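Worksheet: the structure to be examined is printed underneath.
The values are calculated or read from the model by the stated rules, or taken from the named source; none is laboratory data. Computed from a predicted structure; not experimentally measured. Methodologically, a virtual Cβ is constructed for each residue, glycine included, from the backbone with ideal geometry; neighbour enumeration extends over all protein chains shown. The area values use the complete protein model at the heavy-atom level, side chains included, leaving out ligands, DNA and RNA. Shrake-Rupley method; radii C 1.70, N 1.55, O 1.52, S 1.80 Å.
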Amino acid sequence: MHRIPEKIHELTVGQLSARSGAAVSALHFYEAKGLIRSRRTSGNQRRYTRDTLRRVAFIRAAQRVGIPLATIREALAELPEERTPTRDDWARLSEAWRSELDERIRQLNRLRDHLTDCIGCGCLSLESCVLSNPDDVFGERLTGSRLMVESGRKNPGG
């Protein structure tokens, strides 16, 4: 692992990449999207503060669990610029996402548990498919894949 001497307060994009594991192109992308910031030297080279390492780690972890970049940017905007975020700062931000992640986990579990049926069915039957039609909520109005075709109508099936 690349260690950064304590006396270095700013990192080059290469140092940040090596230390964070994020590609230089990803760091440029994060900066363009407003997720991280750099200052420019007189030679127009980027310099990042040390706390950017934690921000990049947070971005990458959030992306791994499917948090959209816009949501990550909003969360990072709440963090202090003048200091490295604390454990409490990170806990407060991640707690806000807990219910969204719990719902996503429930959906993925349902998909996993019924994927074989859906692949075997081939049509994702809206009459009985637990993924497209949980609890057969459309069963009273339509059956089968007709709902997909007719869903643009104001009164499907009627």
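Considering every residue within the stretch 56-69, establish whether at least one is in contact (Cβ under 8 Å) with a residue 12 or more places away in the chain, closer than 16 Å to Glu10 by Cα and under 14 Å from the mean Cα position of the chain (by Cα). Walk me through how you get there before you give the answer.
Initially, the stretch 56-69 is screened for residues in contact (Cβ under 8 Å) with a residue 12 or more places away in the chain, giving 56-60, 62, 65-67, 69.
Narrowing the set further to residues that are closer than 16 Å to Glu10 by Cα leaves 56.
From the residues that got through so far, the ones that are under 14 Å from the mean Cα position of the chain (by Cα) too are 56.
Yes, the stretch 56-69 contains a residue that is in contact (Cβ under 8 Å) with a residue 12 or more places away in the chain, closer than 16 Å to Glu10 by Cα and under 14 Å from the mean Cα position of the chain (by Cα).
From the list Arg47, Arg54, pick out the single residue that is in contact with an Asp or Glu (Cβ under 8 Å, 6 or more places away or on another chain) and basic (Lys, Arg).
Working: Arg54 fails: in contact with an Asp or Glu (Cβ under 8 Å, 6 or more places away or on another chain).
Answer to the selection: Arg47.
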Does Ala61 fit the bill of being surrounded by 14 or more Cβ atoms within 10 Å (Cβ to Cβ) and either in contact with an Asp or Glu (Cβ under 7 Å, 6 or more places away or on another chain) or of a type in the set (Gly, Ala, Ser) (or both)?
no
From the set of residues in the stretch 84-98 that are open to solvent by less than 70 Å² (accessible area, probe 1.4 Å) and farther than 20 Å from Ser20 by Cβ, which is nearest to the chain's Cα centre (by Cα)?
Trp97
Hey, any hits in the stretch 141-149 for a residue that's at pLDDT 65 or above and open to solvent by less than 60 Å² (accessible area, probe 1.4 Å)?
no
Is it true that Glu81 is open to solvent by 60 Å² or more (accessible area, probe 1.4 Å), modelled with pLDDT under 85, under 23 Å from Gly21 (Cα atoms) and of a type in the set (Asp, Glu)?
yes
Among the residues of the stretch 20-55, how many are out of contact with any strand residue (DSSP E or B) (no Cβ under 7 Å at 6 or more places or on another chain), without any contact (Cβ under 8 Å) to a residue 40 or more places away in the chain and not in a loop (DSSP other than H, G, I, E, B)?
11
